[in-house]
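Data block below; observations after.
The values are calculated or read from the model by the stated rules, or taken from the named source; none is laboratory data. Bear in mind that the values here come from a model prediction, so they are computed numbers and not experimental data. Every residue, glycine as well, gets a Cβ built from its backbone with ideal geometry; the counts of neighbours run over all protein chains shown.
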Amino acid sequence: MKKRLVTVFGGTGFLGRRVTRHLLAHGFDVRVASRHPARADTLFAPAEVEAVKADIHDEASVAAALEHAHGAVNAVSLYVERGGATFRSVHVEGAARVARNARKGGIERLIHVSGIGSDPASSSDYIRARGEGEIAVREEFADAIIVRPAVMIAPDDAFLTAISNLVRRLPVYPLFGRGKTRLQPVHVEDVAEGIGRLLQAAPIDAGRYEFSGPRTYTYRELVQSVATELGSTVRLVPVPFALWRVASIAGEWLPGTPLTRNQIALMQRDNVAAPDAPGLPELAVERTPVEDVVREMDGARGA
């Protein structure tokens, strides 16, 4: 296949670096656009990608990163607001900036990564910004493909790793509420492969895709499944969401905090794909079970 250039914004991040690798495997040339392009040197082989400095807050750098590209992926995300980087500035204004410059630059295909549950009417700043961002992208680039992953997991993630560490160390595991929130975790590699296939072939639907894993769990079931895979015995104890919110307010002031108010808000909503939304099965991507990821994580820990 003739190589084509795709710009990946956030190409050194948790999802973005995987998207980059899968695009390379599909025969694309890749331009990694990041605020810290030097990180690409540690992630990819020499001359494997073109790394450029770009900030989605800056119009000129976004436009430059898109020059001569065939496609673009916006995989930039923000989970905790810091300084001038706000949910609105990244997920709404920045996303619109990428879409606007993609349209002006003649980009043939734009993929905007959002998330299942994004809602412009939400009371959560984070969830609302993700929903508003989808609207802003479509207003600037009508044919943009919106990809909404469920909670993404990998051996180096922040979600499954936290659960695994706690069930290993604690005899009692504090649940979010009564642990009834439904989740459909998806391997980040599967999400990256799905994005690669959307750029490689004509999409089934130029609208919205929801990428989810092969099984739906309640949060309680998920924690118990992880514990079983790790051979741990743990007692699951419900903790009211009101107490989690109090803890998260204090936790947000800590560097690298794993707990924020917006994460608590997300955990109060089911995170499963809509039954009528096309997803990974429609793209012929075989979905990885959570248990396989836990075993991989445990193997890497023991190596």
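For region 41-48, the count of residues that are part of a strand (DSSP E or B), acidic (Asp, Glu) and surrounded by 15 or more Cβ atoms within 10 Å (Cβ to Cβ) is zero. For region 83-92, check the following and say yes or no: at least one residue is in contact with a strand residue (DSSP E or B) (Cβ under 9 Å, 6 or more places away or on another chain) and either surrounded by fewer than 21 Cβ atoms within 10 Å (Cβ to Cβ) or not small (Gly, Ala, Ser) (or both). No. Residue-level check: of (1) free of Cβ contacts under 8 Å to residues at least 60 places away in the same chain; (2) small (Gly, Ala, Ser); (3) not in a helix (DSSP H, G or I), Ala60 misses just (3). Considering (1) over 27 Å from Asp119 (Cβ atoms); (2) at pLDDT 90 or above; (3) in a loop (DSSP other than H, G, I, E, B), the lone condition that Gly279 does not fulfil carries the number (1).
Conditions (1) farther than 21 Å from Ala60 by Cβ; (2) in contact with a strand residue (DSSP E or B) (Cβ under 9 Å, 6 or more places away or on another chain); (3) touching a residue at least 60 places away in the same chain (Cβ under 8 Å), marked per residue:
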{"site": "Glu108", "(1), (2), (3)": "yes, yes, no"}
{"site": "Ser114", "(1), (2), (3)": "yes, yes, no"}
{"site": "Pro120", "(1), (2), (3)": "yes, no, no"}
{"site": "Ser124", "(1), (2), (3)": "yes, no, yes"}
{"site": "Ala129", "(1), (2), (3)": "yes, no, no"}
{"site": "Ile135", "(1), (2), (3)": "yes, no, no"}
{"site": "Ala142", "(1), (2), (3)": "yes, no, no"}
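Consider region 212-270 and keep the residues that are surrounded by 17 or more Cβ atoms within 10 Å (Cβ to Cβ), within 24 Å of the chain's Cα centre (by Cα) and β-branched (Val, Ile, Thr). The one that is modelled with the lowest pLDDT is Thr260. For region 168-181, the set of residues classified as touching a strand residue (DSSP E or B) at 6+ places or on another chain (Cβ under 6 Å) and not in a loop (DSSP other than H, G, I, E, B) consists of Val172, Tyr173, Pro174, Leu175, listed by residue number.
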